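**Q** Encoded as structure tokens, here's the structure I'll be asking about.
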Amino acid sequence: MMNTRKIATKKIFASVLCLTAAATLTGRQGATKDPYQRSAEIYQMKTSAAEGPQRGEELYYYKCWYCHNKYAKTGPSLKDIFKRERLRSGQPVSDAAIIEKIRQGGQLMPAYRYTLSDPDLTDLLSYFKSDKCCFEGDEPPSNPRYRAAAAGSVTNNSARRRLLGGARGTVHGTKREPLEGIMVQLISTSSGIRSTVYSDVDGRYEFPILDPGTYALRIARPLEFKPYVRESVRIEGATSLADIVLERVTDKEVLPPTPEILAQLTGAEWMLNLPGDGEEKRTFSLTCGFGCHSYQQIFRTRYDEAGWRSIVRRMMTGAGSPLINVREPGPQSRGRAGRPISEELEIVAKWLARVRGPDSKDAPLHYLPPPRGVSTRVVVTEYELPRQLLAPHDVHGDSKGNIWYTAHRSPYIGKLDPRTGAVKEYRVPDTPGALPGTHRVWVDKQDIVWLSENWSHNLTRFDPKTEQFKQFHIETDSPVNSPGFSNFHIDPEGYVWETENNGVVKIDSSNGEIVKHFPLKRINGTYDNILSADGRYWSGGQTGTGILALLDTKTGEMWELDTRTPISAPARGGFDLDGNAWFGGRGGMLLRLDPRTRRITEYY
């Protein structure tokens, strides 16, 4: 973990799109629409287009792909459906028949009549009729807002490394009161790069030095304030910007549950506002909120109880995020909340049907306070990627300052130059019968890029100089298209560490062969695999448990230690320079393990 400055910089990689502005906003008080609000586009599934076949593809990706893709085989292919004479039901193929099937659902298919509107269905059918149908991940659609040529021509790179010295101004309310913790954003019209800073206690904000040019100035998350956008703002060096004056949405302490405001809620705010008891919310959080997708992706939709039960069952029994291989649980099979899966299914399905059912109403919204004090000393930079629907997963930097990223359900990996925003893509060779996709990326001391192909179970080596891939298949006890080889770690000697076949394994990276296996007794694997800087200690934790494993790689001694919280679900982590292992717990805490004393401390 590295943070030697008072100001932290976070690089966030975005492949979603901004819709073209329907009207130009001038930054006046009372603006009602922000054409750059990504959260609203995501909430309404309109990141790629406002309507038509392109938007239909996005709807297909989120609503249809999981059951109708060529790997899952749980639903019929929808490609060329309008060239067939009849549906499986025997009805003649027609717009009306297909729409009715989508609305009513079936034995394994939820009824979409509560969550897809008539315009949604029109867009979806237009996609079915197009030659683009149907998405399989092999060739994700291009992102028209990625501007490679423009991004590659950006100058002033050395100045951009400084985190202050650029455009600055103040944010006030209508009573001239300074507003702290407001996310002020500049979007480059030439590159599409978004830079966001936060206002301090006096309402002041200051950007890094950005490349000279024209920008859109906006408030990235207005929430309790009305949207604010100022177009065609000229930025050059330390430009002083006119004061931003924000007008509250309401004079009440709670906010109206409009789609634009609901789209801005954090996961914690969703849970704060939805009704339910502690058991329901804790079970839901551990079962559904452990990191593969946001809470918003769940709560933006509505289904009846049968529909939610069908969805939750597939999510609980499907292997990994693609849900391709379904594992039928036994009576005592336990889920991520530590209960029998049948119990978790009942609790979650009934709760979702009550709070996001056809007749549920959104009450006025309470929201959490914005960042304060040192928490406002953050710069966030967002980059456009060349493709949409990538499901970007991991990043790792090389010695030249480039950022390599993986795509969870696509054969493309990429190298991003954060100084310019330019991306170069590389296509990982296909494995027959396996969904394309990469998970972890690791760049070694020689700038060789190492990848895990989670669904085909490959350790993959990529040499950027020769642009050649070399794939090593790792034998696991999981079938292809179920999670297999994923969150590996490379030690100082170049060996690869993972958990496979009920134990910790050490793999020779030159040939992919397992050279050592250290058995686990209480758990069968871990989500992450981390090693201390000297390679002496390995550690990892398992989802759905409160267990952290620790291995002394020198002596071979293994400990499987309990955390205080029964289901802490230790996930990603890393060792600090003092030799302590740190993990983010999906149960809501930060975990520290001291390998010398084997003591675990939880922080909230």
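Throughout, read-outs are computed from the coordinates displayed, never taken from laboratory work. What you see is a predicted model; the values in this text were computed from it and never measured. A quick note on method: Cβ atoms are made from the backbone with ideal geometry, for glycine too, and the neighbour counts reach across all protein chains shown.
**Q** When the chain is fully extended, how far beyond the present Cα-Cα distance does residue 176 get from residue 350, taking 0.36 nm per residue of separation?
**A** 57.9 nm
**Q** Over the Cα atoms of region 387-603, compute the convex hull volume and normalise it per residue, giving Å³.
**A** 133 Å³
**Q** Given an 8 Å cut-off on Cα distances and at least 6 residues of separation, report the relative contact order of region 214-275 as a percent.
**A** Here the relative contact order equals 30 percent.
**Q** Relative contact order, percent, of the chain when contacts are C-alpha pairs under 8 Å separated by at least 6 residues?
**A** Over the chain, the number comes to 12 percent.
**Q** With respect to the cross-link table entries 400/424; 63/281; 70/350; 400/470; 252/361, which display a Cα-Cα separation exceeding 21 Å?
**A** Those over the limit are 63/281; 70/350; 400/470.
**Q** Above 38 angstrom, tally the Cα pairs of the chain and express them as a % of all pairs, no decimals.
**A** 36 percent
**Q** Express in nm, to one decimal, how much length is gained between residue 142 and residue 130 on full extension, taking 0.36 nm for each residue of separation and deducting their alpha carbon distance.
**A** 2.7 nm
**Q** Which of rounded, prolate, oblate describes region 49-128, given a ≥ b ≥ c as roots of the alpha-carbon gyration tensor eigenvalues and a/c under 1.5 marking rounded, otherwise prolate only if a/b is larger than b/c?
**A** rounded
**Q** Go from 0 up to the bin containing the longest alpha carbon distance in region 266-355, width 10 Å each, and give me the % of pairs per bin.
**A** That works out to 16, 54, 27, 2, in percent per bin.
**Q** Measure up 46/129; 101/226; 465/521 against 31 Å on the Cα-Cα distance and list the ones that go over.
**A** Beyond 31 Å between Cα atoms: 101/226; 465/521.
**Q** Now for a different question. Per 10 Å bin, what is the whole-percent P(r) computed from every C-alpha pair distance within region 319-438?
**A** All Cα pairs, binned at 10 Å, distribute as 10, 22, 21, 30, 17, 1 percent.
**Q** Could you please state, rounded to a whole Å, how far the C-alpha centre of region 160-186 is from the C-alpha centre of region 412-463?
**A** Each part's Cα centre sits 37 Å from the other's.
**Q** Let me know the shape class of region 103-145, please: from the alpha-carbon gyration tensor, a ≥ b ≥ c as square roots of the eigenvalues, rounded when a/c is under 1.5, otherwise prolate if a/b is greater than b/c, or oblate.
**A** Prolate, because a/c is 1.5 or more and a/b exceeds b/c.
**Q** Can you give the calculated 222 nm mean residue ellipticity of the chain, where each DSSP H run of n ≥ 4 adds -39,500 (n - 2.57) and the sum is split over every residue, rounded to the nearest 500 deg cm²/dmol?
**A** Rounded to the nearest 500, it is -4500 deg cm²/dmol.
**Q** If you don't mind, there's one more thing I want to ask. What FRET efficiency comes out for the pair residue 533/residue 477, r = Cβ-Cβ distance, R0 = 25 Å, nearest 0.05?
**A** 0.20
**Q** For region 393-470, how big is the tail of P(r) above 22 Å, as a whole percent of Cα pairs?
**A** In whole percent, the share of Cα-Cα pairs in region 393-470 beyond 22 Å is 16.
**Q** Please compute the length gained on full extension between residue 564 and residue 33, using 0.36 nm multiplied by the number of residues separating them and subtracting their Cα-Cα distance.
**A** 186.5 nm is the gain from fully extending residue 564 to residue 33.
**Q** Using only the Cα atoms of region 424-515, build the gyration tensor, take square roots of its eigenvalues as a ≥ b ≥ c, and label the shape rounded, prolate or oblate: rounded if a/c is under 1.5, else prolate if a/b is larger than b/c, else oblate.
**A** oblate
**Q** Hey, how much of the P(r) for region 362-407 falls beyond 11 Å, as a percent of Cα pairs?
**A** 81 percent
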